[in-house]
Amino acid sequence: MRTLASQAGVNDAIVVNTCAVTAQAVRKATQDIRRLRRDNPDARLIVTGCAAQIDPQKFTAMTEVSAVLGNDEKLRLDSWTQLAGDATATGQVGDIMAVKTPAAPQIDGLGTRARAYVQVQNGCDHRCTFCIIPYGRGNSRSVPTVTVVEQIKRLVGRGFNEVVLTGVDMTSWGADLPDTPRLGDLVQAILRRVPDLPRLRISSIDSIEVDAALLEAIATQPRLMPHLHLSLQSGDDMILKRMKRRHLRDDAIAFCEQARSLRPDITFGADLIAGFPTETQAMFENSVRLIEDCGLTWLHVFPYSPRPGTPAARMPQVDGGAIKSRAARLRAAGQNAVTDYLDTQQGTAQSVLMESTDTGRTEHFAEVRFDTTQQRGTVVNVQINGRDGSVLLAAPA
Ligand code: SF4
């Protein structure tokens, strides 16, 4: 967006890329817009992203907002050219469900970030009952292998040592491409065709849809980072059904066992929702137990919040206080899992990608702090010699 805006001649604008995944994310976006307008009374303030795509009227009606762009429009040069040519233009938000191909502009980096994120897939054909995302992102569409490989070569050429593949429903990658390749084929193609890429990481995946080629890559490719983030959401079968997820509790446990048998040091992160409608205390306890049964380490805990227009918003809701306390319990259990894991890392040798001059992450995603200065974006071999809360302490080896 930054490149397209500057190519079109939209300068000194403020662009707010909103998120709609929870009610809180939308609230935060509106607060940010008001604050940005207060601090920048004369700037052109352009709002885009999922919240703007799903409810454009909400943002058009805000007096602080100059223009609203849809999720497809934000990655098209002509939208920015139109804004550049007319200072009073209010932007456009099209029908995201009609978009058939992903906008995949080639990028040279992501501001100050040490690792590069490459979107290989967008949108989602599933309709989990709590989720608003498909209405912001549209139907599933995949970036072809050749485009992904070209993008990663370009980023490696710019000095990036780690690339993270991202997508809304990444395990559905390839279903809309000729010959319907699978995510594992893409991962293997990247590792084969970009031999200079030191570290490849995949972001959130749906474990029930993992293909054989991805399992093979997990087992055989050391440059594929031994850390998977799983979209699990609950550890209770009845809740998983009411969520319209495609896995059951035992499937999640079996996947983690299988992945660990292929790569014994692998670590798992997971998304979990606390207080989904109709969740009883006993059902919630199944989610808590899942942390141990799967051997999860890094948790993203979402207190359930109803998203207007989704089926779950019309189901019997759990009391707000219970949602809060269940989320707090899951987070505390997650915190214990992190410290237990970090304690197993004492005295080990690790390779760390520096995210700042004194912090970075291991291959397994553990955060590491140094007392010496390193260059951001480099990969440093270290010896772990302590722990401070949820951060490992290390010295260069
Ligand atoms: S698979 Fe993910 S993005 Fe798609 S509807 Fe379910 S939770 Fe939402």
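So, in the range 224-237, of the ones that are buried (at least 17 other Cβ atoms within 10 Å of the Cβ) and more than 15 Å from the ligand (Cβ to nearest atom), which residue ends up farthest from Leu191 (Cα to Cα)?
The selected residue is Asp236.
Looking at Arg369, Arg376 in this structure, which one is in contact (Cβ under 8 Å) with a residue 40 or more places away in the chain, farther than 22 Å from Arg289 by Cβ and of a type in the set (Lys, Arg)? The match here is Arg376. Scanning the range 1-32 for residues that are closer than 22 Å to Gly309 by Cβ and among the β-branched types (Val, Ile, Thr) yields Thr18, Val21, Thr22, Val26, Thr30. Among the residues of the range 284-301, those identified as surrounded by 20 or more Cβ atoms within 10 Å (Cβ to Cβ) and either more than 23 Å from Ile132 (Cα to Cα) or of a type in the set (Phe, Trp, Tyr) (or both) are Phe284, Leu290, Ile291, Cys294, Leu296, Thr297. Residues that are closer than 30 Å to Val149 by Cβ, touching a strand residue (DSSP E or B) at 6+ places or on another chain (Cβ under 7 Å) and surrounded by fewer than 17 Cβ atoms within 10 Å (Cβ to Cβ) within the range 63-108 comprise Lys100, Thr101, listed in sequence order. Pairs are defined by a Cβ separation below 9 Å, a sequence spacing of at least 6 or placement on different chains, a first member in the range 4-23 that is at positive phi and small (Gly, Ala, Ser), and a second member that is modelled with pLDDT of 95 or more and open to solvent by 60 Å² or more (accessible area, probe 1.4 Å); the pairs so defined are Gly9/Thr81. The residue that is most open to solvent (accessible area, probe 1.4 Å), counting only those in the range 302-335 that are in contact with a Lys or Arg (Cβ under 9 Å, 6 or more places away or on another chain) and among the β-branched types (Val, Ile, Thr), is Val318. Asp196 passes every criterion in (1) open to solvent by 40 Å² or more (accessible area, probe 1.4 Å); (2) in contact with a Pro (Cβ under 8 Å, 6 or more places away or on another chain) apart from (2). Somewhere in the range 143-159, is a residue within 15 Å of the ligand (Cβ to nearest atom) and in a loop (DSSP other than H, G, I, E, B)? So far as the range 143-159 goes, no, none of its residues is within 15 Å of the ligand (Cβ to nearest atom) and in a loop (DSSP other than H, G, I, E, B).
Selection over the range 162-190 of residues that are polar (S, T, N, Q), within 26 Å of Arg361 (Cα to Cα) and surrounded by 21 or more Cβ atoms within 10 Å (Cβ to Cβ) gives a count of 1. Put simply, of Ala23, Ala29 the only residue that is touching a helix residue (DSSP H, G or I) at 6+ places or on another chain (Cβ under 9 Å) and either closer than 24 Å to Ile96 by Cα or open to solvent by less than 90 Å² (accessible area, probe 1.4 Å) (or both) is Ala29.
Looking across the range 263-283, just one residue is open to solvent by 60 Å² or more (accessible area, probe 1.4 Å) and hydrophobic (A, V, I, L, M, F, W, C), and that is Ala282.
Restricting attention to the range 110-127, the residues that are in a loop (DSSP other than H, G, I, E, B) and open to solvent by 30 Å² or more (accessible area, probe 1.4 Å) total 7.
For the range 124-139, name all the residues that are among the charged types (D, E, K, R) and near the ligand (Cβ under 6 Å from one of its atoms).
Taking the range 124-139 and keeping what is among the charged types (D, E, K, R), we get 125, 127, 137.
Result: Arg127, single match.
Scanning the range 128-161 for residues being in contact with a Leu (Cβ under 9 Å, 6 or more places away or on another chain), open to solvent by 10 Å² or more (accessible area, probe 1.4 Å) and of a type in the set (Gly, Ala, Ser) gives a total of 0.
The values are calculated or read from the model by the stated rules, or taken from the named source; none is laboratory data. Keep in mind that this is a model prediction, so the values were computed, not measured. Reconstructed Cβ throughout: ideal geometry from the backbone, glycine too, with neighbour counts over all protein chains shown. Each accessible area value is taken on the protein alone, full model and side chains, heavy atoms only, with ligands, DNA and RNA left out. Shrake-Rupley method; radii C 1.70, N 1.55, O 1.52, S 1.80 Å.
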